[in-house]
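Below: the structure, in structure tokens.
The values are calculated or read from the model by the stated rules, or taken from the named source; none is laboratory data. These figures come from a predicted structure and were not determined experimentally. All Cβ positions, glycine included, derive from the backbone under ideal geometry; neighbour counts span all protein chains shown.
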Amino acid sequence: MTAHGEGGCEIWAIGGGKGGIGKSFLISCLGTALAGRGKRVVLVDADLGGANLHSLLGIGRPKASLTSFFEKKVPLAELVVATGIDHLGLLTGAIGSLDPDHIKYTQKLKFFGQIKKLDAEYVLIDLGAGTHFNTIDTFLLADRLLVVTVPEITAIENLYFFLKNTFFRKLVHACTEQGLKELLRKAWLDRRRHNIQNFIEFLAHLRGLSPRLERLIEEQLDTFTIQIVLNQVKLRQDIVIGHSIRSVCKKYYGLSSRYAGYVEHDDLVPRCINNRQSFMQAYPASRSAGQIELVADNVLTGGEVSL
Ligand SMILES: Nc1ncnc2c1ncn2[C@@H]1O[C@H](COP(=O)(O)OP(=O)(O)O)[C@@H](O)[C@H]1O
Ligand SMILES: [Mg+2]
């Protein structure tokens, strides 16, 4: 299975509705894991509100950051800094001065265009929490769509919300390109009149509106495969939650997903972060590092946790 962006790099993005669930931790570890296999990797910290990937790699905040791209028009490629880890570069986010709401549409397209052309085999993007359309659009840029949750109901509910919004946004983009946006908008406004109760009923309703729209929905569903990672697992019985999430995604949202893996809660993680160490480098033989390597394998091959 291969998926490569325009510049020849494969883009992975990691999202999930909630903050504090391990998105940045996992993306930094997955990047380190790929780099450890000799791949050229660039991590992009696109959490514009709270960029902290550098800390998870054990380095100080780089001077070069996305602020220079958005405010001084410096090309992205010039802002990639070395991390001290072989083959791993970092494009750091911006704290404070940059308000995601004030990023112009043209700047955003330029940002996306330059990400795809970065000189790397893998570009891994970390996202902020929430479902701001800038976050979702950045997520949708990726060839591999990774989502993280922890085994807690609030995080899982946020994940469903994130996925539903993300797929809907993908559909809106596709409908806009195909001149079907008005049909979609009208159907959305009319949904209560048609007694539509949930997302899957809405999709079924849309399919019945026009054969073109039906085809478009199928295409968009086929190209939206998410890979689920369950983080901070504490109990053995929590492992199956990944399979349940996969079933719910299909049954209630019509969305295909794969359960790419789980990572247990490990007290060494916060300790490492506080000591400014990269977890994968400090504890490569730990069980959780092994689980992260398995997640990397499964994301690369489309493999899954077996039932
Ligand atoms: N597998 C884990 N085991 C123990 N602690 C973890 C694990 N994953 C994440 N954490 C803790 O959770 C905190 C938040 O993780 P982070 O990656 O910053 O979340 P997010 O990017 O989703 O906001 C980290 O600072 C770390 O201490
Ligand atoms: Mg984060």
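On the given criteria, is Phe279 among the aromatic types (Phe, Trp, Tyr), closer than 27 Å to Ala142 by Cα and either in contact with a Cys (Cβ under 8 Å, 6 or more places away or on another chain) or modelled with pLDDT of 95 or more (or both)?
For Phe279, the condition - among the aromatic types (Phe, Trp, Tyr), closer than 27 Å to Ala142 by Cα and either in contact with a Cys (Cβ under 8 Å, 6 or more places away or on another chain) or modelled with pLDDT of 95 or more (or both) - is met.
Take Ala94 and decide whether it is within 30 Å of Gln281 (Cα to Cα), in contact with a Lys or Arg (Cβ under 8 Å, 6 or more places away or on another chain) and within 16 Å of ligand 2 (Cβ to nearest atom).
no
For region 98-135, which residues satisfy the criterion of being within 16 Å of ligand 1 (Cβ to nearest atom) and assigned to a helix (DSSP H, G or I)?
Pro100, Thr135, listed by residue number.
Find the residue count for region 141-199, including only residues that are more than 24 Å from Leu109 (Cα to Cα) and β-branched (Val, Ile, Thr).
7
Which members of region 136-158 meet the condition of being part of a loop (DSSP other than H, G, I, E, B) and more than 14 Å from ligand 2 (Cβ to nearest atom)?
Quick first cut of region 136-158, residues part of a loop (DSSP other than H, G, I, E, B) only: 141-143, 150-152.
Across region 136-158, the qualifying residues are Leu141, Ala142, Asp143, Pro151, Glu152.
State all residues of region 264-298 that are under 21 Å from the mean Cα position of the chain (by Cα), in a loop (DSSP other than H, G, I, E, B) and in contact (Cβ under 8 Å) with a residue 40 or more places away in the chain; if no residue qualifies, say none.
Matches in region 264-298: Ser278 only.
Could you please let me know if Lys116 is among the basic types (Lys, Arg) and either more than 23 Å from the chain's Cα centre (by Cα) or at pLDDT 95 or above (or both)?
Working: among the basic types (Lys, Arg): yes; either more than 23 Å from the chain's Cα centre (by Cα) or at pLDDT 95 or above (or both): no.
Judged against the criteria, Lys116 is not a match.
Need pairs with beta-carbon distance below 6 Å; first residue not assigned by TED's automatic domain parsing to the domain that holds Lys250 and within region 189-208, second acidic (Asp, Glu); sequence gap 6+ or separate chains.
Matching pairs, first to second residue: Arg207/Glu214.
Condition check: among the charged types (D, E, K, R) and assigned by TED's automatic domain parsing to the domain that holds Gly15. Does Asp266 satisfy that? Lay out the reasoning, then the answer.
On the way: among the charged types (D, E, K, R): yes; assigned by TED's automatic domain parsing to the domain that holds Gly15: yes.
Yes; evaluated as a whole, the condition is true for this residue.
Based on what the data block shows, is Leu88 modelled with pLDDT of 95 or more and in contact with a strand residue (DSSP E or B) (Cβ under 6 Å, 6 or more places away or on another chain)? Outline the logic, then answer.
Details: modelled with pLDDT of 95 or more: yes; in contact with a strand residue (DSSP E or B) (Cβ under 6 Å, 6 or more places away or on another chain): yes.
Yes; evaluated as a whole, the condition is true for this residue.
Scan region 225-240 residue by residue and report those that are within 12 Å of ligand 1 (Cβ to nearest atom) and under 20 Å from the mean Cα position of the chain (by Cα).
Those that are within 12 Å of ligand 1 (Cβ to nearest atom) and under 20 Å from the mean Cα position of the chain (by Cα): Val229, Leu230, Asn231, Gln232, Val233.
What do you reckon, is Leu48 more than 13 Å from ligand 2 (Cβ to nearest atom), of a type in the set (A, V, I, L, M, F, W, C) and in the same structural domain as Gly15 (by TED's automatic domain parsing)?
Criteria not met by Leu48.
Given the criterion among the β-branched types (Val, Ile, Thr), more than 16 Å from ligand 2 (Cβ to nearest atom) and modelled with pLDDT of 95 or more, identify the matching residue among Val240, Val269, Val263, Val229.
Only one candidate passes the filter, namely Val240.
Select the strands (runs of 3 or more DSSP E) contained entirely in region 5-92, then report the ones holding at least 2 residues which are within 14 Å of ligand 1 (Cβ to nearest atom) and crowded, with 21+ Cβ neighbours inside 10 Å.
Output list reads 10-15, 41-46.
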